[in-house]
1. Please determine, by comparing only the residues of segment 31-45 that are surrounded by fewer than 18 Cβ atoms within 10 Å (Cβ to Cβ) and within 17 Å of the chain's Cα centre (by Cα), which one is nearest to residue 7 (Cα to Cα).
2. Run residue 27 past the list (1) modelled with pLDDT under 95; (2) under 17 Å from the mean Cα position of the chain (by Cα) and report the number of the one that doesn't hold.
3. Please state which of the following conditions residue 123 fails to meet, knowing it meets all the rest: (1) modelled with pLDDT under 95; (2) over 15 Å from the mean Cα position of the chain (by Cα); (3) surrounded by 17 or more Cβ atoms within 10 Å (Cβ to Cβ).
4. In this structure, does residue 60 turn out to be out of contact with any helix residue (DSSP H, G or I) (no Cβ under 8 Å at 6 or more places or on another chain), outside any helix (DSSP H, G or I), surrounded by 16 or more Cβ atoms within 10 Å (Cβ to Cβ) and modelled with pLDDT of 95 or more?
5. Quick check on my filter: what residues within segment 128-178 are at pLDDT 85 or above, within 14 Å of residue 113 (Cα to Cα) and in contact with a helix residue (DSSP H, G or I) (Cβ under 7 Å, 6 or more places away or on another chain)?
6. Quick check: is even one residue across segment 73-87 surrounded by 15 or more Cβ atoms within 10 Å (Cβ to Cβ), in contact with a strand residue (DSSP E or B) (Cβ under 6 Å, 6 or more places away or on another chain), more than 14 Å from residue 172 (Cα to Cα) and in contact (Cβ under 8 Å) with a residue 40 or more places away in the chain?
7. Mind listing whichever residues of segment 63-84 are part of a helix (DSSP H, G or I) and farther than 23 Å from residue 39 by Cα?
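The values are calculated or read from the model by the stated rules, or taken from the named source; none is laboratory data. Computed from a predicted structure; not experimentally measured. All Cβ positions, even for glycine, are placed from backbone atoms using ideal geometry, and neighbour counts span all protein chains on display.
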């Protein structure tokens, strides 16, 4: 999963886009891609980085309008994101704002990269894209960034094998906190 937001804090900023890929048995079985009306201005620097502007979001649905669909999409899944606490924190805050709880097992692909490639000095998404030669159509758009995470998962499986990947995955999945 990847999200785009109006800023860096889930307490003062809001989600503008959610992009997710559902993988079951190593196959993509669905995608979730939705612009959201954050009910606040998108700062100019965010628009420059993501290409997402106020005009694009004016008629987009509010988070509460898509929450049930997102629940269904995420059911029985592990929440995987790059720097997972950022994305997870925003999603959790959006549910909290509706008066709902949100809890999922989660895993961070930045931490996974550090464990699988300890010789590499950097593990941000741009570095991972360059290191592995991934092609990204629209960097800093949620679904395209989520696709990179899936490509990284496939690459990690190919280079390290299922046994090593599963061992790392087992060590790194944070159980949901209720």
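1. Only one residue tops the list, namely 33.
2. So residue 27 meets the others, but not (2).
3. That leaves (1) as the condition not met.
4. Judged against the criteria, residue 60 is a match.
5. Result: 128, 129, 132, 148, 149, 152, 155, 156, 157, 160.
6. yes
7. 72, 73, 74, 84, listed by residue number.
Quick grid of which residues meet (1) buried (at least 16 other Cβ atoms within 10 Å of the Cβ); (2) under 18 Å from residue 106 (Cα atoms); (3) in contact with a strand residue (DSSP E or B) (Cβ under 8 Å, 6 or more places away or on another chain):
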{"residue": "129", "(1), (2), (3)": "yes, no, no"}
{"residue": "144", "(1), (2), (3)": "yes, no, yes"}
{"residue": "147", "(1), (2), (3)": "yes, yes, yes"}
{"residue": "157", "(1), (2), (3)": "no, no, no"}
{"residue": "168", "(1), (2), (3)": "yes, yes, no"}
